[in-house]
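The values are calculated or read from the model by the stated rules, or taken from the named source; none is laboratory data. These figures come from a predicted structure and were not determined experimentally. Backbone-built Cβ (ideal geometry, glycine too); neighbour counts: all protein chains shown. When the accessible area is computed, the model is the full protein with side chains, heavy atoms only, and any ligands, DNA or RNA have been set aside. Shrake-Rupley method; radii C 1.70, N 1.55, O 1.52, S 1.80 Å.
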Amino acid sequence: VDVDGNGQISYDEFLDFALHKPEGDEIGVLHEKISREVRDNNTDLVGEFRRYDDRGRGVVSVSDFGSALRRVGVDLTRGDLEELEQRFAFKKEIDYDLFVAWVNS
């Protein structure tokens with residue numbers, strides 16, 4: 001909450017905190033949106049990610065991750081993609097089997 005680290009919560013810092021949706025709700029909304037679109041379109045998400053996985057390592061780059069989702073009709077904002085990257089990326093790559101398991105959970 002104390003963004004500037006001065007030991008006090010300013011009015012602006014308080015407003016940012018008070019008006020921001022909890023992270024759990026954000027990721028829950030993203031999960032529902034992606035799951036619904038994948039399910040409704042009968043999308044082979046793993047197959048789409050494999051198109052971008054040249055080495056067959058089970059990972060895609062962060063930029064290919066967004067491209068693959070767009071190709072299957074999952075249109076997310078930059079903020080949504082960043083939220084997913086924070087949760088699933090390691091060294092700028094995303095394990096797509098892990099992501100697809102989350103989508104299908």
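What about Val72, is it under 19 Å from Asn42 (Cα atoms) and touching a residue at least 60 places away in the same chain (Cβ under 8 Å)? The answer is no for Val72.
Within the stretch 75-87, the residues that satisfy the criterion of being under 15 Å from Val38 (Cβ atoms) and touching a residue at least 12 places away in the same chain (Cβ under 8 Å) are Leu76, Asp80, Leu84. Within the stretch 36-45, the residues that satisfy the criterion of being surrounded by 14 or more Cβ atoms within 10 Å (Cβ to Cβ) and either at positive phi or not in a loop (DSSP other than H, G, I, E, B) (or both) are Glu37, Val38, Leu45.
Arg87 meets each of the listed conditions (1) within 19 Å of Asp40 (Cα to Cα); (2) in a helix (DSSP H, G or I) apart from (1). Within the stretch 1-35, being under 24 Å from Ser61 (Cα atoms) and either modelled with pLDDT of 80 or more or outside any helix (DSSP H, G or I) (or both) holds for Ile27, Gly28, Val29, Leu30, His31, Glu32, Lys33, Ile34, Ser35. Those residues that are of a type outside the set (A, V, I, L, M, F, W, C) and open to solvent by 100 Å² or more (accessible area, probe 1.4 Å), I need them from the stretch 76-104; list them, please. Across the stretch 76-104, the qualifying residues are Arg78, Gln86, Arg87, Lys91, Lys92, Asn104. Just one of the listed residues (Val100, Val60) is of a type in the set (A, V, I, L, M, F, W, C), under 20 Å from Leu30 (Cα atoms), at pLDDT 90 or above and assigned to a helix (DSSP H, G or I), and it is Val100. Residues in the stretch 51-62 that are surrounded by 12 or more Cβ atoms within 10 Å (Cβ to Cβ) and either among the small types (Gly, Ala, Ser) or closer than 12 Å to Ile34 by Cβ (or both): Gly58, Ser61. Within the stretch 63-75, the set of residues being in a helix (DSSP H, G or I), open to solvent by less than 100 Å² (accessible area, probe 1.4 Å) and of a type outside the set (S, T, N, Q) comprises Asp64, Phe65, Gly66, Ala68, Leu69.
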